[in-house]
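In what follows, a structure is listed as structure tokens, so that the remarks can point back to it.
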Amino acid sequence: MLGNFKKVLTLLIVLMVSYVNLYLLSTKLFAEEINTAYDKRFVLVIESVIRGSVAEKAGLEVNDIIYSLNGRIFYDQSANSIGNEFVEYINTLPAGEYKIVVLRKGEKVEISLPLLSTSSSPRLGISIKVLENEPQIYFDKAVDMLSKVTKREDLKTAANLFENAKILSSKWYDVYYNLGLVYEELGYYDKAVENFKEYLIHAPKESPRIEEATKAVDRNEKMHKKIENIKFKMVNSEWILIKKFPPVKIAPSFYPKFKLDSSGKMWMANPLTDLENTILMEWRRNLKEHPWFPVEFDGRFFEVKCVNFYTGERLVSGIWQIYYYPQLYMFKGEINLDSSESIIIIREFIRMGDDMYISFDEANKSVFPILKDFKFDETKDFRYELHYRLK
């Protein structure tokens, strides 16, 4: 999976030769207020905005840097406690209309912010993070991470570090180029396209990487289109099993039936769906309670976790009692982009729960909330590898 990453790292090392000059140029372009000294200074960045919140309605966006609120400056402060100070300050303000100034892609934006009463929750509707106001630090950390990358999570960490550098210096074109390379390696082709295009906007016309970035945009647009086409086929095409390992006669639990909801989110049918006419009451209850499970995509990879509850009997004080136990499933999928056909590889994992419950409701209430974060042993719990062709 990381075989092609050497070329990415080589390019990053080459870029470091002219790094300091690029950094100074980009900070001058970013804003007059940006810190060019090397003492530690900090800024507040909006990390998320709650849908329907005061912040969203006012027009605040993810990655906005908070410059000031009601005239009080929060930008480029010496204390890394400015996050707490910002929250405390908001809570002291009575209901009313306030002016908040943010830096968005290097430009100041003034926004009118109508705060409700102090008893309203959440009052603003954002989460914030504190960044050291020195993009070079995050660039260096990203390059260091890439020099020792061994797994996919390392690439994601490097991407996040480059993103921090981009927030702080939005016209630093080499950050966009490197992000494009990392996102392409991760298979986030839409994000790769976005960053290569930004590179083409900000880079000097004489840059030697203009041609390669142009090709990268075209290449990643094609890959993104291919993945989206296969996702469409996952919902609308017939799944034909062409290979199973190990080749035993027992049928796999995976049931290839998918749908999209109104928001575009993909869901997979309960593995018991093909047994929906069963006379077993607990199976029918499983299908009633959890007919679909969410599909979580990560580039060309995806994952689905499911749970069903089954019954058994145990002897308690000389009396046989019925109990419920969970069986948890994980299906890890991979879209094969090297094939000219639409091929998907599924790896199936199953874990029998250790706990026993006196009722279906108790089992469901105890296990379902922890399903998303449940950790499988991918060696002990492995059952099958399945190869499908979408027709």
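The values are calculated or read from the model by the stated rules, or taken from the named source; none is laboratory data. In this text the structure is predicted, and so the values were computed from the model without any measurement. We place every Cβ from the backbone using ideal geometry, glycine too, and count neighbours over all the protein chains shown.
If you check N91 against the conditions, is it part of a helix (DSSP H, G or I) and over 25 Å from D39 (Cβ atoms)? I'd like the intermediate steps shown before the answer.
On the way: part of a helix (DSSP H, G or I): yes; over 25 Å from D39 (Cβ atoms): yes.
Yes: the conditions hold for N91.
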Only one of V49, V62, V45 is hydrophobic (A, V, I, L, M, F, W, C), modelled with pLDDT of 90 or more, under 27 Å from the mean Cα position of the chain (by Cα) and exposed (fewer than 15 other Cβ atoms within 10 Å of the Cβ). Can you tell me which? V62
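State yes or no: is D174 at pLDDT below 95, among the acidic types (D, E), assigned to a helix (DSSP H, G or I) and within 25 Å of E132 (Cα to Cα)? I'd like the intermediate steps shown before the answer.
Working: at pLDDT below 95: yes; among the acidic types (D, E): yes; assigned to a helix (DSSP H, G or I): yes; within 25 Å of E132 (Cα to Cα): yes.
For D174, the condition - at pLDDT below 95, among the acidic types (D, E), assigned to a helix (DSSP H, G or I) and within 25 Å of E132 (Cα to Cα) - is met.
Yes or no: segment 200-214 includes at least one residue that is among the basic types (K, R) and either in a helix (DSSP H, G or I) or under 22 Å from the mean Cα position of the chain (by Cα) (or both). Quick ask: steps written out before the conclusion?
Of the residues in segment 200-214, the ones among the basic types (K, R) are 205, 209.
Next, only the ones that are either in a helix (DSSP H, G or I) or under 22 Å from the mean Cα position of the chain (by Cα) (or both) stay: none.
No, segment 200-214 contains no residue that is among the basic types (K, R) and either in a helix (DSSP H, G or I) or under 22 Å from the mean Cα position of the chain (by Cα) (or both).
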Cβ-Cβ distance below 7 Å, separation of 6 or more or different chains: which pairs start in segment 60-87 with a residue that is touching a residue at least 24 places away in the same chain (Cβ under 8 Å) and end on one that is aliphatic (A, V, I, L, M) and assigned to a loop (DSSP other than H, G, I, E, B)? N70/L93
Failed item in (1) part of a helix (DSSP H, G or I); (2) within 20 Å of the chain's Cα centre (by Cα); (3) surrounded by fewer than 16 Cβ atoms within 10 Å (Cβ to Cβ), with T150 passing the rest: (1)
The residue that is surrounded by the most Cβ atoms within 10 Å (Cβ to Cβ), considering only those in segment 95-129 that are in contact with a helix residue (DSSP H, G or I) (Cβ under 6 Å, 6 or more places away or on another chain) and not in a loop (DSSP other than H, G, I, E, B), is I126
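Tell me the residue from V316, V367 that is among the β-branched types (V, I, T), over 21 Å from the mean Cα position of the chain (by Cα) and surrounded by 14 or more Cβ atoms within 10 Å (Cβ to Cβ), please. Break it down stepwise before answering.
Details: V316 fails: surrounded by 14 or more Cβ atoms within 10 Å (Cβ to Cβ).
When all the criteria are applied, what remains is V367.
Quick one: count up the residues across segment 66-94 that are of a type outside the set (V, I, T) and surrounded by 13 or more Cβ atoms within 10 Å (Cβ to Cβ).
Here is the first cut: in segment 66-94, the residues of a type outside the set (V, I, T) are 67-72, 74-81, 83-86, 88-89, 91, 93-94.
Those still in the list that are surrounded by 13 or more Cβ atoms within 10 Å (Cβ to Cβ) too: 67-70, 74-77, 80, 83, 85-86, 89, 93.
Summing the residues that are of a type outside the set (V, I, T) and surrounded by 13 or more Cβ atoms within 10 Å (Cβ to Cβ) in segment 66-94 gives 14.
Could you tell me which residue of segment 338-351 is surrounded by the most Cβ atoms within 10 Å (Cβ to Cβ), considering only residues that are within 15 Å of K375 (Cβ to Cβ) and free of Cβ contacts under 8 Å to residues at least 60 places away in the same chain?
F349
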